[in-house]
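Asker: Below is a structure I'd like to ask you about.
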Amino acid sequence: MYDLAPLGRHAMDMPADMTDRDRGVFRMRVRGNWVRLRTLVLLRWWAIIGQASALIVADRVYSLDLEMGLCFLVIGVSVISNLVAAFIFAENKRLSEQDTFLVVLFDMLQLGFLLYLTGGLNNPFTILIVGPVTVSASALSGRSTAFLGVMAIVMVTLMMQFYLPLRKEDGEILKVPDVFRFGSWAAIVIAVLFLGVYARWIVQEMRAMSDALQATQMALAREQ
């Protein structure tokens, strides 16, 4: 007769080992290191194209007297960072929580400085400051999203008073009434809070459903 006790003990140990691996998978998902660098680089290229196009239209079509040198210098910093990321790092590199946070923070600061050079809250493109917060709510932890949300609110608050005015070639200053500037500020603050919380809840629901489905599949695999 064969001694089946070791085999029985080994079979009983297997579910525990599988559970530890499952927990490891879930912990990796929570850390947020599933964002690809290539995705953020592509999003930044689209932002660079949009920013450059808006500056060219403002200069050629609407004859605005902007600090074009400084504006394109700010855009150039993003171009250089994208080229460095494309040629140094692997195409499918996965970013950690901290790496993704730094990339999104850089994009927010770059956009904020560009808005400062182009009229502050008198610039209708100020609403784009909500974009990095929404990306953070979809990919980062709640603490990182809260920090970026506060940063966005502080930046638009400062831009109510500190900015380079929009001037036409004849010296005329383009400025919206104060009530509209305050309305833009309030709309951006509400959008940061609402979209940040809304995107966060939706992503958490999707992750919870995905984790539950994956756990069910692993449990069925163990039963088989």
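The values are calculated or read from the model by the stated rules, or taken from the named source; none is laboratory data. Keep in mind that this is a model prediction, so the values were computed, not measured. Note that we place each Cβ from the backbone using ideal geometry, even for glycine, and neighbour counts take in every protein chain shown. Heavy atoms of the whole protein, side chains included, go into the accessibility calculation; ligands, DNA and RNA do not. Shrake-Rupley method; radii C 1.70, N 1.55, O 1.52, S 1.80 Å.
For (1) in contact with a His (Cβ under 8 Å, 6 or more places away or on another chain); (2) in a helix (DSSP H, G or I); (3) modelled with pLDDT under 95, each residue gets a yes or a no:
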position	(1), (2), (3)
LEU109	no, yes, no
TYR116	no, yes, no
PHE125	no, yes, yes
LEU128	no, yes, yes
VAL133	no, yes, yes
ARG143	no, yes, yes
MET155	no, yes, no
PHE162	no, no, yes
ARG167	no, no, yes
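Asker: Here is a further query. Exactly one of these conditions fails for ILE188: (1) open to solvent by 70 Å² or more (accessible area, probe 1.4 Å); (2) in contact (Cβ under 8 Å) with a residue 12 or more places away in the chain. Give me its number.
Answerer: The single condition ILE188 does not satisfy is (1).
Asker: Here is a further query. Are any of the residues in segment 118-135 out of contact with any strand residue (DSSP E or B) (no Cβ under 8 Å at 6 or more places or on another chain), among the aromatic types (Phe, Trp, Tyr) and more than 19 Å from VAL57 (Cβ to Cβ)?
Answerer: No: zero hits.
Asker: Kindly list the number of the only condition in (1) over 15 Å from the mean Cα position of the chain (by Cα); (2) open to solvent by 30 Å² or more (accessible area, probe 1.4 Å); (3) over 27 Å from TRP46 (Cβ atoms) that fails for TYR163.
Answerer: (3)
Asker: Mind counting the residues in segment 89-106 that are part of a helix (DSSP H, G or I), buried (at least 16 other Cβ atoms within 10 Å of the Cβ) and of a type in the set (A, V, I, L, M)?
Answerer: 3
Asker: Tell me which residues, restricted to segment 107-145, are without any contact (Cβ under 8 Å) to a residue 60 or more places away in the chain, farther than 24 Å from GLN161 by Cα and open to solvent by 30 Å² or more (accessible area, probe 1.4 Å).
Answerer: GLY142, ARG143
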